[in-house]
Amino acid sequence: MIERLAGFQRRAQKPFAIVIDSGHIAPNLESWVVGKSEELARARGLVTFVGFERAAAAFQVAAECWENRNRGD
């Protein structure tokens, strides 16, 4: 799946990110699964966030920066 996402990113006109939701992972495996997922994705140039809240906060900041830049602030 990560290879497909990396291919999509290369063709995409807009940036995107991968959200790693650890809510469905067994607690004893969570650290390993999240760490390995981030490692594999980032090695392919993909942006990752652990949890939707972090992703949403980052996209909000990016959107605000973009708006301010376009307004000339």
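Annotations for the structure displayed:
- Region 1-10 - residue that is free of Cβ contacts under 8 Å to residues at least 24 places away in the same chain and of a type in the set (D, E, K, R) and, of those, nearest to residue 50 (Cα to Cα): 4
- Residues that are aliphatic (A, V, I, L, M) and over 19 Å from residue 60 (Cα atoms) were ranked within region 6-19; the one that is surrounded by the fewest Cβ atoms within 10 Å (Cβ to Cβ) is 12.
- Pairs, first in contact (Cβ under 8 Å) with a residue 12 or more places away in the chain in region 20-41, second among the hydroxyl-bearing types (Ser, Thr, Tyr) and part of a strand (DSSP E or B), C-beta under 8 Å, six or more apart: 20/48; 37/48; 38/48; 41/48
- Hits in region 25-73 (condition: out of contact with any strand residue (DSSP E or B) (no Cβ under 9 Å at 6 or more places or on another chain) and assigned to a loop (DSSP other than H, G, I, E, B)): 25, 26, 44, 45, 72, 73
- Residue that is farthest from residue 4 (Cα to Cα) [pool: residues in region 20-40 that are open to solvent by 50 Å² or more (accessible area, probe 1.4 Å) and aliphatic (A, V, I, L, M)]: 29
- Restricting region 41-73 to residues that are modelled with pLDDT of 90 or more and open to solvent by 100 Å² or more (accessible area, probe 1.4 Å), the residue that is farthest from residue 9 (Cα to Cα): 53
- Among residues of region 11-40, those that are farther than 22 Å from residue 53 by Cβ, at pLDDT 90 or above and not hydrophobic (A, V, I, L, M, F, W, C), counted: 2
The values are calculated or read from the model by the stated rules, or taken from the named source; none is laboratory data. Keep in mind that this is a model prediction, so the values were computed, not measured. In this analysis, Cβ positions are derived from the backbone assuming ideal geometry, glycine residues included, and neighbour counts consider all displayed protein chains. In case anyone asks, the SASA skips ligands and DNA or RNA and just uses the protein heavy atoms, side chains included. Shrake-Rupley method; radii C 1.70, N 1.55, O 1.52, S 1.80 Å.
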